[in-house]
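Colleague: Handing you this structure, nothing more for now.
What follows draws every value from the coordinates through simple rules; no lab data is involved. A quick note: this is a predicted structure, and the numbers were derived from the prediction, not measured. Heads up, the Cβs are rebuilt from the backbone with ideal geometry, glycines too, and the neighbour counts pull from every protein chain shown.
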Amino acid sequence: MESDYSSAKEQYAALGVDTDRAIQLLKKIPVSMHCWQGDDVGGFEHAGASLDGGGIQVTGNYPGKARSMEELRSDIEKTLSLTPGSYRLNVHANYADFSSTGFADRDALEPEHFKSWVQWSKENKVPLDFNSTLFSHPKASGLTLSSKDKGIRDFWIEHVKRCRKIGEYMGKEQGSACIHNIWIADGMKDIPVDRQGYREILASSLDDILSVKISKDYLKDSVESKVFGIGTESYVVGSHEFYMGYAVKNQMLLTIDMGHFHPTENVADKLSSVLMFVPEILLHLSRGVRWDSDHVTLFNDDMKAMAEEMVRTGKLDKIHIGTDYFDGSINRIGAWVIGQRATQKSLLRALLEPSEKLMSYENDGNYFARLALLEAEKTLPFGAVWNRYCEECSVPSDLQVIDEIMNYEKSVTALRG
C-alpha cells in the first residue's frame, strides 16, 4: 500500500497537487451525519412510532432496525468507527428522550428532553445539529406552517420556536453553532387555487418564529425547499423560489437538498449563485431516483460534481455539509457507511483536482487543454490516496467494511428480532 501511495503522490505532484495536504484538509471538514437512517425516521416519541402524516415514506423492512435510543446510538457509533473524517450528528426533534421526564408533545419540547443527546455528544466528541419535525404527527396530516387553521398553525409555530431554543442550548454546550433546519411537507396532491395565500401565511409564520433573536454563535437557522412530495405532487408551498427569496431577504442559511429538485437539474450548479446572495448554505447530500429523493448517497457523477463545486467556490467555510437519506430495504448501518464514505470520497477527489493548472488553461482561453486535463485526471490513481486517507483515520478499507458490517449484523442487529 505504501508503494501505491508513493506512486500516486508523484503523479499528482506532477500536476501541482499535494496529496498529503488534501488528506489533512479533508480531516478538518465536518460532515453532519443524519441520525434517522438507523430507525427509518421513526423517532422514539411513542412505542412503534410510525410516519403517518407529512409526506414522509421509508420503504423496506430489513431486520435489525434500532428500537430504542440506546440501540440507535450504538449503531451510530459503529457507523462512525467505519467512516474516515470529521463528523457532527444531525438530530430530529422526534428523537427527544422522555425517559426521565415523561412525554411532552411537540409544542412543549424543552432542552432537557435532549440532555442525554448532549451528554452523548460530549462523550463521543461529535457536535450536534438539529431539525424541527413537522411530520409524523396527527396535526401534520394536512398543512402545518401554511395552514389556514390558526390552531394548527400556532401549534407548529410554537414547536419550531422551541426547537430553536433547543438548538441554542446545544450550541452553547458544544461550543459551536448548531445548524437548525426548517422543512415542511405542506402542499397539495391536486391543483390549488390559492397558491399565493398559502405562501403568504408561510412567510408570516416564519417571521413570527424568527422574531426571537438568537446569537449566531449558538444557532444558525436554515430553510429547505422541495420540488414535490408524496401527496403534494401538484403544489409545494415552500418551493425553491419561495425559500431562496426568503433566505436572501432575511440573510439566513438556505438548505439545498440534492434530492429535492427535478431529476434533470444540475444541483451543483446552484452553489456558486446562491453563495453570492446568502451568507451560508446547508447541503443535504442525497440521491434522487425518479420521484423518491432519499436514496443512499453514492460516489457517482452527481456527488463528484457537488464536491467539485464546494471546493471550487473557495467558500467551504460557508458551506455546512450534511447527509439526508433513508433506506429500510438493506442493512441500515451499511447504508449509513456507504453514504458517508461516498461523501468523503467525493470531497477527497475534489481536493485532488489540479485546480491551478485548470484555471490557468481557462483564463488563457485554452478550453481544449482544460477539457483534456479534466479527462486525464479521471485515470489518476485516486484509489491509492483514498486508501491512505482511510489508513490515517484508522478505519477499514472499502472491502474490509463489508465484513465488519456483516459481523455486526450477526452479533448485534440480527438479535433484535
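Colleague: Taking the simple approach of a point 7 Å from Cα along Cα-to-Cβ for both TRP291 and MET276, what is their distance in nm?
Modeller: 3.6
Colleague: Turning to a different aspect of this structure: For a label point 7 angstrom out from the Cα of ALA414 toward its Cβ, which stretches of region 60-103 have the backbone nitrogen within less than 16 Å?
Modeller: Inside the label zone: 62-65.
Colleague: Between ASP208 and THR313, how high is the FRET efficiency from 1/(1 + (r/R0)^6) when r is the Cβ-Cβ distance and R₀ = 41 Å? Nearest 0.05.
Modeller: Computed FRET efficiency for ASP208 and THR313: 0.80.
Colleague: Another question, if that's okay. To the nearest 20 Debye, how big is the dipole of region 29-351 about its Cα centre, given +1 on the beta carbon of each Lys and Arg and -1 on that of each Asp and Glu?
Modeller: Using Cβ point charges on Lys, Arg, Asp and Glu, region 29-351 gives about 620 debye.
Colleague: Rounded to the nearest 0.05, what FRET efficiency do GLN119 and SER176 have when you use their Cβ-Cβ distance and R0 = 22 Å? Write down the numbers at each step before the final one.
Modeller: Numbers: r = 17 Å, r/R0 = 0.75.
That gives a FRET efficiency of 0.85.
Colleague: Classify region 242-395 as rounded, prolate or oblate, taking a ≥ b ≥ c as the square roots of the eigenvalues of its Cα gyration tensor: rounded when a/c is under 1.5, otherwise prolate if a/b is larger than b/c and oblate if not.
Modeller: oblate
Colleague: Sticking with this one: Using the count of nearby Cβ atoms within 10 Å as a rough guide to exposure, how do HIS180, HIS137 rank from fewest to most?
Modeller: Working: HIS180 26, HIS137 19.
Going from sparsest to densest Cβ surroundings: HIS137, HIS180.
Colleague: Also: Stretched out fully, how many nm does the piece from ASP154 to GLU10 gain, at 0.36 nm a residue minus the Cα gap?
Modeller: Stretched out fully, the ASP154 to GLU10 stretch lengthens by 45.7 nm.
Colleague: Hey, what number do you get for the chain at 222 nm if only DSSP H runs of n ≥ 4 count, each worth -39500 (n - 2.57), divided across all residues, to the nearest 500?
Modeller: On the way: 14 runs with 177 residues, N = 417.
Calculated from helices alone, the mean residue ellipticity at 222 nm is -13500 deg cm²/dmol.
Colleague: Could you check what % of the DSSP bridge pairs in the chain are antiparallel, to the nearest 5?
Modeller: That works out to approximately 10 percent antiparallel.
Colleague: Taking neighbour Cβ counts within 10 Å as the exposure measure, how do TRP120, TRP291 sort from fewest upward?
Modeller: TRP291, TRP120
Colleague: Which FRET efficiency value, to the nearest 0.05, do you get for GLU2 and LYS189 by plugging their Cβ-Cβ distance into 1/(1 + (r/R0)^6) with R0 = 60 Å?
Modeller: For GLU2 and LYS189, the calculated efficiency is 0.55.
Colleague: What is the distance in Å between the Cα centres of region 342-407 and region 86-157?
Modeller: 37
Colleague: Against the globular-protein guess of 2.2 N^0.38 Å, express the Cα radius of gyration of region 107-181 as a ratio, rounded to two decimals.
Modeller: Rg over 2.2 N^0.38 Å, computed on Cα atoms: 1.23.
Colleague: In degrees from 0 to 90, rounded to the nearest 10, what is the angle of the helix 382-392 Cα long axis to the longest principal axis of the chain?
Modeller: 70
Colleague: Right, another one. What is the extension gain from ILE230 to LYS216, computed as 0.36 nm multiplied by their sequence separation minus the C-alpha to C-alpha distance, in nm to one decimal? Intermediate results must be reported in sequence, preceding the final value.
Modeller: Values: separation 14, 0.36 × 14 = 5.04 nm, distance 3.39 nm.
Going from the current span to full extension adds 1.6 nm.
Colleague: Using every Cα-Cα pair within the chain, state what percent have a distance larger than 39 Å.
Modeller: That fraction is 19 percent.
Colleague: At a 10 Å Cβ-Cβ cut-off, how would you order THR79, THR264, THR379, THR313, fewest neighbours first?
Modeller: Starting with the residue having the fewest Cβ neighbours, the order is THR264, THR379, THR313, THR79.
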